[in-house]
């Protein structure tokens, strides 16, 4: 049971951060999906009106790389902090970005 608690709290916190980021984007007027009515998973042209309007675009990879860089930096700065909490901190930093 103790092991379960050690894992569940950071993951619930990650879910909370994601939900708060979604709420913040919606409160700023961001739409759920492109208004064009087309549902692309990937929009590769950064100069088109579809950029940042679909699930993935070329900038998605930079967000993943930011998260990895934040995690690596946190691993160096806070080596005794468990990995699950470093993961949460990296997600929080990226959500604030």
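Taking 0.36 nm per residue of separation and subtracting the Cα-Cα distance, what length does fully extending residue 76 through residue 1 add?
Extending this stretch completely gives an extra 24.0 nm.
Going by how many other beta carbons lie within 10 Å of each one, how would you line up 5, 86, 75, fewest first?
Lowest to highest Cβ neighbour count: 5, 75, 86.
Let me check I have the definition right: for the chain, take the eigenvalues of the Cα gyration tensor, multiply each by 5, take square roots. What are those semi-axes in whole Å, largest first?
31, 17, 11
In which sequence would 68, 92 go, from the one with the fewest C-beta neighbours within 10 Å to the one with the most?
Lowest to highest Cβ neighbour count: 68, 92.
For the chain, take the longest principal axis of its alpha carbons; what is the angle in degrees between that and the long axis of helix 83-96, to the nearest 10 within 0 to 90?
Approximately 30 degrees, to the nearest 10.
Taking Cα atoms, how many degrees apart are the long axis of helix 2-27 and the longest axis of the chain, rounded to 10 and kept between 0 and 90?
Computed tilt is about 30 degrees.
For the residue pair residue 30 and residue 11, what label-to-label distance in nm results when each label sits 7 Å from Cα along the Cα-to-beta-carbon direction?
The answer from the label model is 2.5 nm.
Relative to the longest principal Cα axis of the chain, at what angle does helix 58-77 sit, 0 to 90 degrees, rounded to 10?
Helix 58-77 sits at roughly 20 degrees to that axis.
Between residue 38 and residue 19, 0.36 nm times their residue separation minus their Cα-Cα distance comes to what?
That pair, residue 38 and residue 19, stretches by 4.4 nm at full extension.
Every number here is computed from the coordinates shown, using simple stated rules; none is lab data. Small disclaimer: the values here were computed from a predicted structure and weren't measured. Every residue, glycine as well, gets a Cβ built from its backbone with ideal geometry; the counts of neighbours run over all protein chains shown.
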